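A quick write-up on the structure given underneath.
The values are calculated or read from the model by the stated rules, or taken from the named source; none is laboratory data. Fair warning: this is a prediction, and the values are worked out from it, not measured in the lab. Using ideal geometry, Cβ is built from the backbone for each residue, glycine included, and neighbour counts are taken over all protein chains shown.
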Amino acid sequence: MEKPDNIPVSLLTEVTTFHSRTFDWKPVLSNAKHSYFHVNRLETFVNEMTFPSPPHRKPIFDFIYQRKGYSKRSKGLSMYEFGDSSIFFLPAYQITQHEIMTVDTEGFFCHFDDQLFHYLPKNFLSDNYTFFQFQANPVVKLTPTAMRNVEALLERLLELYKKEGIDKSIIATYLLTLFEEVKIALPCQAKKTKNAFFQITEQYKHALVNHIYQKQTIADYAHLLNISPNYLNKCVINSINKTAQDLLNEMLILEAKTLLKYTDLQIAEIAVKLRNQTPSNFARFFKIQTGITPKEYLEMY
């Protein structure tokens, strides 16, 4: 886990408040019954959601099962599109932003604390399910059989969520069964060729997410990856047609937006924390990257 003074996150007890504030969901999402677990039907609230959501991190895991509709959501610096019969997984502490979800969406949203699985080894979820790993593709396209099984498990979890005093181990068992059903569907996924350029670019993205407060130059990340800055840049350009500096700037802006929205830090403090610059230089950088000033971004929310 990242240190709280480095990365702003919502406390577990604030997560539902965050979703209610961001998407205008109703108080029915209260964490009062199950502070460690939440599930709801997407179609119940999709017409009241407001997109895009601001970038944020949460200390919990979540997933979106989309039976029908279209969504666009980020994981770190990568944006993913997913629709009918898909499920999107997000590990704890990963930065994310949900850009769009169409009004015809049907499915389920779930978030949970990994303390549900306290009896299992540390990092059990990421060690056993690739879709919970930081660098993995978070989207799984489900087979018809997997869809039926996943939906049945989510329906049962929703029933349990509505009750008082349910043993956490029961929730954990249903969730693990769901993850196993999704895992069975993984071999059906189309396998992409991952050359050296792609692998290094993914490692660079992962490093940016985890070290943006400590390392803010291309040379820093090249050293971390044991390659030259020129080779790092070559890998990124050949993989995604962007430069290494482009990705670094994107990560700085994501963190800046998160700090602006979810902390009490002043713009001058964020300028030092992220860029070690004056407020005016930071504001200039922010506007070049986003088209608006930090102050204007705050006013938007």
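Worth pointing out:
- Selected residue [in contact (Cβ under 8 Å) with a residue 24 or more places away in the chain and surrounded by fewer than 16 Cβ atoms within 10 Å (Cβ to Cβ)] from ASN276, ASN281, ASN241: ASN276
- Test for PRO121: is it of a type outside the set (Gly, Ala, Ser), within 21 Å of GLU181 (Cα to Cα), in the same structural domain as ILE170 (by TED's automatic domain parsing) and surrounded by fewer than 19 Cβ atoms within 10 Å (Cβ to Cβ): yes
- One residue alone among LEU176, LEU120, LEU116, LEU160 is of a type in the set (A, V, I, L, M) and in contact (Cβ under 8 Å) with a residue 60 or more places away in the chain, and that residue is LEU116.
- Conditions (1) buried (at least 20 other Cβ atoms within 10 Å of the Cβ); (2) in contact (Cβ under 8 Å) with a residue 40 or more places away in the chain; number of the one not met by GLN133: (1)
- With respect to the conditions (1) farther than 19 Å from PRO59 by Cβ; (2) crowded, with 16+ Cβ neighbours inside 10 Å; (3) of a type in the set (Gly, Ala, Ser), ALA172 falls short on a single one, namely (1).
- Taking the conditions (1) more than 22 Å from LEU254 (Cα to Cα); (2) part of a strand (DSSP E or B); (3) modelled with pLDDT under 95 in turn, VAL103 satisfies each one other than (2).
- Of the residues LEU90, LEU42, the single one that is at pLDDT 90 or above and over 23 Å from VAL209 (Cβ atoms) is LEU42.
- Any hit, the range 68-81, residues being touching a helix residue (DSSP H, G or I) at 6+ places or on another chain (Cβ under 7 Å) and under 20 Å from PHE179 (Cβ atoms): no
- Among strands (runs of 3 or more DSSP E) entirely within the range 35-75, having at least 2 residues that are under 17 Å from LEU142 (Cα atoms) and in the same structural domain as LEU153 (by TED's automatic domain parsing) singles out 61-68.
- TYR231 among the hydroxyl-bearing types (Ser, Thr, Tyr), under 22 Å from THR96 (Cβ atoms) and in a helix (DSSP H, G or I): no
- When residues of the range 176-232 are limited to those that are among the acidic types (Asp, Glu) and modelled with pLDDT of 90 or more, the one nearest to GLU250 (Cα to Cα): ASP220
- All of (1) in the same structural domain as ARG67 (by TED's automatic domain parsing); (2) within 30 Å of ARG275 (Cα to Cα); (3) of a type in the set (D, E, K, R) hold for GLU151 with one exception: (2).
- Residue list for the range 63-84, filter: farther than 16 Å from THR50 by Cβ and surrounded by fewer than 19 Cβ atoms within 10 Å (Cβ to Cβ): LYS68, TYR70, SER78, MET79, TYR80, GLU81, GLY83, ASP84
- Taking the range 234-260 as the range and being in a helix (DSSP H, G or I) and of a type outside the set (A, V, I, L, M) as the test, the residues that pass are LYS234, CYS235, ASN238, SER239, GLN245, ASP246, ASN249, GLU250, GLU255, LYS257, THR258.
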